[in-house]
Amino acid sequence: MARRTKQIVAIIFTSLIFIIHLVFNGLAGAGDNNLFPTSVGNISNKFSLEITPVSKTFSIWGVIFTYQVLWIIYAISTIFRNSNANKILSTKFFVFFNLAVITLTVWLFVWCVKSIVGSFVVLVIGQIFLDLTLYFALTDFYEFTSTQSNLTENKWDLWAHRILVQNGILFYGTWTTVASLINTGIFLKYELEVKSQTASLVGLSILAVLILAWFILENFVLTAYTGYTFTAYIVLIWAFTGIHIGVWNKNTPVAVFNCVLLVFSCLFLVARIVILIVRNSKKASYETIGYDAKQGAVRT
């Protein structure tokens with residue numbers, strides 16, 4: 001009962017924190033108010049790089065926020081249902097998500113006062129909290145499915161966690177990863193006076209390594225945990241497309257490198273979908289095979 005009470009409190013607190021976060025985001029996006037005299041977009045234009053996506057790219061925040069609202073609504077629904085589904089997510093998941101949201105709210109204020117170093121540090125901390133949130137989303141789900149003897153009665157809840165929670169957090173975290181690396185480039189250019197092209201290439205290079213590492217981990221190392229994740233590549237395609245639109249007519253190393261990453265992101269998405277289909281088809285086939293003790297034979 002104590003665990004259940006903690007979880008209910010965590011869900012309610014998460015809902016309130018995220019609502020506040022949405023309000024501050026709206027104010028920061030609009031600008032021209034007491035809290036945010038200048039909008040986030042105007043600051044981004046002031047500290048631009050070759051890898052800064054065109055402004056329309058940032059409309060993805062609407063999708064990100066909608067995704068988070070959907071899984072939070074789902075989490076709220078578990079409060080009113082007597083189901084094992086309320087045992088899937090631990091309190092740690094909600095704690096780190098709230099820390100991430102609070103940190104990213106702080107980033108809005110730091111960014112709008114044009115503190116490049118401060119915004120860089122705060123964004124990295126927020127990214128770490130989001131990564132830990134994803135970690136608990138995946139491990140909590142794995143532990144639940146490993147300890148439950150009958151998962152049939154929780155079928156829809158399991159899919160809600162796979163599609164809404166796991167992929168929702170991954171969607172959010174992937175975009176903030178891109179934002180963090182753009183912020184890294186801004187830090188290099190405007191604080192360390194590194195050339196704009198070099199700063200952009202550093203950001204893209206780090207992102208390329210992270211993409212390759214995630215593809216390997218997701219598909220070949222952490223398969224027990226990442227059985228249904230796929231949204232990272234959708235975000236990457238969106239981000240690289242936004243960058244490409246801004247540099248497509250420039251024959252520069254940044255434009256070429258970005259185009260290569262865009263192509264690989266598309267290929268990785270296709271590969272990921274194929275892998276998911278093949279693996280789940282095999283899993284379904286295995287689940288139809290059983291052993292008849294009376295007949296002493298395998299049945300299909």
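Some notes on this structure:
- Hits in the range 94-109 - residues which are hydrophobic (A, V, I, L, M, F, W, C) and either surrounded by fewer than 18 Cβ atoms within 10 Å (Cβ to Cβ) or within 30 Å of Arg3 (Cα to Cα) (or both): Phe94, Val95, Phe96, Phe97, Leu99, Ala100, Val101, Ile102, Leu104, Val106, Phe109
- Helices (runs of 4 or more DSSP H) within the range 36-130 that include 1 or more residues farther than 30 Å from Pro253 by Cβ, at pLDDT 95 or above and among the hydrophobic types (A, V, I, L, M, F, W, C): 60-79, 91-112
- For beta carbons closer than 6 Å, sequence separation of 6+ or different chains, a first residue in the range 199-227 that is aromatic (Phe, Trp, Tyr) and a second that is surrounded by 20 or more Cβ atoms within 10 Å (Cβ to Cβ) and assigned to a helix (DSSP H, G or I), the qualifying pairs are Phe215/Phe268; Tyr225/Leu138.
- Among the residues listed as Ile43, Ile17, the single one being within 30 Å of Thr241 (Cα to Cα) and either surrounded by 13 or more Cβ atoms within 10 Å (Cβ to Cβ) or in contact with a Pro (Cβ under 8 Å, 6 or more places away or on another chain) (or both): Ile43
- Among the residues of the range 20-35, the ones that are in a helix (DSSP H, G or I), without any contact (Cβ under 8 Å) to a residue 40 or more places away in the chain and either among the basic types (Lys, Arg) or exposed (fewer than 15 other Cβ atoms within 10 Å of the Cβ) (or both) come to 4 in all.
- Qualifying residue in the range 133-140 (condition: farther than 16 Å from Ala179 by Cβ, surrounded by fewer than 22 Cβ atoms within 10 Å (Cβ to Cβ) and among the β-branched types (Val, Ile, Thr)): yes
- Qualifying residue in the range 45-60 (condition: in contact with a Cys (Cβ under 9 Å, 6 or more places away or on another chain), under 30 Å from Ser200 (Cβ atoms) and hydrophobic (A, V, I, L, M, F, W, C)): no
- Some residue of the range 149-157 being at pLDDT below 95, surrounded by 15 or more Cβ atoms within 10 Å (Cβ to Cβ) and assigned to a helix (DSSP H, G or I): yes
Here's the yes/no breakdown for (1) in contact with a Leu (Cβ under 7 Å, 6 or more places away or on another chain); (2) under 30 Å from Ala28 (Cα atoms); (3) in contact (Cβ under 8 Å) with a residue 24 or more places away in the chain:
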site: Trp71; (1), (2), (3): yes, yes, yes
site: Asn84; (1), (2), (3): no, no, yes
site: Val106; (1), (2), (3): no, yes, no
site: Leu130; (1), (2), (3): no, yes, yes
site: Thr133; (1), (2), (3): no, yes, yes
site: Thr139; (1), (2), (3): no, no, yes
site: Trp156; (1), (2), (3): no, no, no
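The values are calculated or read from the model by the stated rules, or taken from the named source; none is laboratory data. Computed from a prediction, not measured in an experiment: that's the story for all the values here. Positions of Cβ are generated from backbone atoms using ideal geometry, with glycine treated the same way; all protein chains shown enter the neighbour counts.
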